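Written below as structure tokens is the structure these notes are about.
Just so you know, all these numbers are worked out from the coordinates, no wet-lab data involved. Keep in mind that this is a model prediction, so the values were computed, not measured. We place every Cβ from the backbone using ideal geometry, glycine too, and count neighbours over all the protein chains shown.
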2 protein chains.
Amino acid sequence: MTIESAIDQRVSLAVSTVIFALRPHPDSGLMTLWLPLVRRIREPYEGQWALPGGPLESEDDLASSASHTLQRTTGLEPRYLEQLYAFGNPERSHALADHQPSDRVVSIVYWALVRPDEVARAVDGDNVEWFVADDLPPLAFDHTEIVDYALARLRAKITYTPIAHGFLPPEFTLTELREVHEAVLRTVLDPANFRRQALASKTLIPTGNCLQGTSHRPPALFRFEAGPPTSTTKERR
Amino acid sequence: MTIESAIDQRVSLAVSTVIFALRPHPDSGLMTLWLPLVRRIREPYEGQWALPGGPLESEDDLASSASHTLQRTTGLEPRYLEQLYAFGNPERSHALADHQPSDRVVSIVYWALVRPDEVARAVDGDNVEWFVADDLPPLAFDHTEIVDYALARLRAKITYTPIAHGFLPPEFTLTELREVHEAVLRTVLDPANFRRQALASKTLIPTGNCLQGTSHRPPALFRFEAGPPTSTTKERR
DNA sequence: GCCCTTAAAGTCATGTCAACCCTAAGTAGC
DNA sequence: GCTACTTAGGGTTGACATGACTTTAAGGGC
């Protein structure tokens, strides 16, 4: 910023997005984190899976660019969107085997939460596929490291901020909220204690309604406190 | 990353650094956060103060670029260095008054801690000046917002990670460590409680030595646990 | 009407943390 | 040598958060 000058021709800027959704695991049936990947159609790493993304359009905000990528690959709107990190190692865009000096790419990576309960649309043809986030195939470039970092951030952040709303409908029960936490953190949480600390966090508002037709005592419905913390929010790391 | 393509000519990439050091406040004499700014020598915002930085050199790692900026403006080595955020609003490189369509700049901003106790060198001539971080003049571009964000990150992070070592010599007393926290957080901390929780954090190693010549009971000296957490470390946000 | 299930509230032991007090170990002044 | 003063360093106490667990409430299935 201090000294503007045309960027060196060899450095280009891209925006990628790690997109998380919750779905049942194919084996266990338990809710698990999934994410969509895109099959590369050119070298390097042709045929391998990579994070969805693309070059930054010059009119776009960084977050808008990530959001557009999300829309393009999944057809969904982000329920939560946050910048993850800027990855800029000079070697990260090279292929592993041949050290051909391909263009250097700096990737600004976002991570997002989506709710795929609306009809799971197959967008972008066969080049997009969803995978279990903790059981991915080898990825192109340094994208495995990026996904690991995004997973760590998500798991850390859900413990101290109410981002689980990104996976939930507008109204939900405390059990549904707890199940989101359990799926993300891969743990079992005590229902009573979870309830206590969720209510103490002052981020939940009882709607007054109850979920009906449950074959047991009807649970109360809540919604998240409407207000400043919407999507596209900067984080406090 | 998924689709490489030459970047739009109008987007350039820069790396800036928010550099923090502790010095006595000119009025109160209390230790305070300072940071160096650079006077702009060209439009837009000519004559105003801005964060040190520059375009990304194509051989450089992002963190190396930030480190070089630090060396260039202060002559010091970073004791701690971490990526802050990537700022990329399309309008952020415009001047406020005239909306001339200058080049769009995406800035990847780092923040660093330095220890200026070595002779305070005046590097880069008169264009570099140090300011009290909480009492800055109006800055160019969105740099005021960036500094506020860096300050918030530093103050949040010092409460749960041992980054105060960036401001301390290799051996230090618990009182010196506490005074760093007090200066950064602008609060007064209970010496006894601070001691207890500092020792409980398992990041301090007693050297066995004591500071002598103090006109009171000689305090024990500590050093930080040597190991993985060096500078240029990714954070857990 | 009985049993099953989950909701929701309560109990209790443990740990953490802030506020506060007390003793230890040095120097300075007399 | 003795006292006063200063900071180091450790201990106590009460408020509060947390985890493990128990008890009661409110529905449906049979």
Give me P(r) over segment A:4-84, computed from all C-alpha to C-alpha distances, binned every 10 Å, as integer percentages. 16, 39, 31, 11, 3, 0
Over what distance in Å are the Cα centres of segment B:23-101 and segment B:159-176 separated? 25
Karplus (6.51, -1.76, 1.60) ³J(HN,Hα), θ = phi - 60°, over segment B:67-77, in Hz, Gly and Pro reported as x: 5, 5, 4, 4, 4, 5, 8, 10, x, 10, 9
Around A:Y110, which amide H atoms from residues at least 5 apart in sequence, or from another chain, sit under 5 Å from its own amide H, with H modelled in the peptide plane? A:S16, A:T17, A:V18, A:L84
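Which of rounded, prolate, oblate describes segment A:151-224, given a ≥ b ≥ c as roots of the alpha-carbon gyration tensor eigenvalues and a/c under 1.5 marking rounded, otherwise prolate only if a/b is larger than b/c?
Taking the square roots of the gyration eigenvalues as a ≥ b ≥ c, segment A:151-224 is prolate.
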Around B:S93, which amide H atoms from residues at least 5 apart in sequence, or from another chain, sit under 5 Å from its own amide H, with H modelled in the peptide plane? B:V105
Using +1 on the beta carbon of Lys and Arg, -1 on that of Asp and Glu, and nothing else charged, what's the dipole of segment B:11-157 about the Cα centre, debye to 20? 300
Label model pair A:E145, A:R223: point-to-point distance (7 angstrom along the Cα→beta-carbon line) in nm is 4.4
Which whole-Hz ³J(HN,Hα) couplings does segment B:84-90 yield from phi under the Karplus relation 6.51 cos²θ - 1.76 cosθ + 1.60, θ = phi - 60°, glycine and proline marked x? 9, 5, 9, 9, x, 3, x
Rg (one decimal) and Dmax (whole number) from the Cα set of segment B:11-157, in Å, equal 14.9, 45
Order of A:103-113, A:186-196 by packing, highest average Cβ count within 10 Å first? A:103-113, A:186-196
Please compute the modelled spin-label separation between A:E59 and B:T159, points set 7 Å along Cα→Cβ, answer in nm with one decimal. 4.2
Dividing the alpha-carbon radius of gyration of segment B:132-191 by 2.2 N^0.38 Å, where N counts its residues, gives 1.30
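Return the average number of partner chain Cβ atoms within 10 angstrom of each residue Cβ along peptide B:150-161.
Counting other chains' Cβ atoms within 10 Å and averaging over B:150-161 gives 1.
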